[in-house]
Amino acid sequence: MSRVLLTGLSGTGKSTLIEQLAACGFKAVDLGSDEWSEWAEINFAGDPTPGDSPVEPDRDWVWREDRVQALLSPPEPGILFVAGCAPNMSKFRDRFDSIVLLSAPAEVIAERLSTRSDNQYGKRPDELARVLAQRDVIEPLLRKLADREIDTGASVEDVVQSILRIARD
């Protein structure tokens with residue numbers, strides 16, 4: 001099985017793309033839910049910048065490592081798409097055949113966060129500011145981890161086709 005991680009900041013389209021890939025018949029899992037992620041105590045050394053601070057004071061949303069490990073373990077035919085971004089995701093780098101960074105212009109991210117209905121994160125001004133600050137701090141780290149990058153400012157259909165080309169390479 002080919003395993004593809006779609007990662008990126010809030011508002012870059014991870015959940016939307018996973019839904020589209022599932023609708024196309026692929027095994028597609030969004031790790032941004034309680035089933036796959038949980039709140040955990042996070043301790044940052046030094047003074048974190050606004051972009052790398054926890055979502056809440058001393059807490060962040062992290063992957064449930066035992067569940068993600070189990071998800072990535074079975075050797076099955078086909079392609080598995082996984083979407084998510086968490087402080088502990090680098091532990092799973094070697095479990096993915098491809099990591100795709102989803103990025104978008106700041107104005108696209110702001111619009112998506114303000115209008116989405118499936119997740120309230122990013123609607124408050126401080127949350128939006130945190131996400132936009134992460135474009136300068138966290139996104140470059142994700143870029144180093146990723147094999148490819150896709151600007152999700154394009155149409156959903158075009159982005160899905162780009163992801164499928166990467167998965168089939």
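The values are calculated or read from the model by the stated rules, or taken from the named source; none is laboratory data. From a predicted model like this one, the values you see are computed outputs, not experimental measurements. Backbone-built Cβ (ideal geometry, glycine too); neighbour counts: all protein chains shown.
The table below lists the values:
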read-out	value
Filtered residues of the range 113-133 (kept if under 29 Å from Arg165 (Cβ atoms), in a helix (DSSP H, G or I) and touching a Ser or Thr at 6+ places or on another chain (Cβ under 8 Å))	Leu113, Val131
Candidate set: the range 105-163, residues that are hydroxyl-bearing (Ser, Thr, Tyr) and in contact (Cβ under 8 Å) with a residue 40 or more places away in the chain; chosen: the one farthest from Thr16 (Cα to Cα)	Tyr121
Residue within the range 116-126 that is at pLDDT 90 or above and under 15 Å from the mean Cα position of the chain (by Cα) present	no
Residue in the range 146-153 that is assigned to a helix (DSSP H, G or I) and either surrounded by 13 or more Cβ atoms within 10 Å (Cβ to Cβ) or at pLDDT below 90 (or both) present	no
Pro87 vs. criteria at pLDDT 85 or above, over 16 Å from the mean Cα position of the chain (by Cα) and assigned to a loop (DSSP other than H, G, I, E, B)	no
Residue check for Pro48: part of a loop (DSSP other than H, G, I, E, B), in contact with a strand residue (DSSP E or B) (Cβ under 9 Å, 6 or more places away or on another chain) and at pLDDT below 90	no
Members of the range 1-20 that are crowded, with 23+ Cβ neighbours inside 10 Å and assigned to a helix (DSSP H, G or I)	Lys14, Leu17
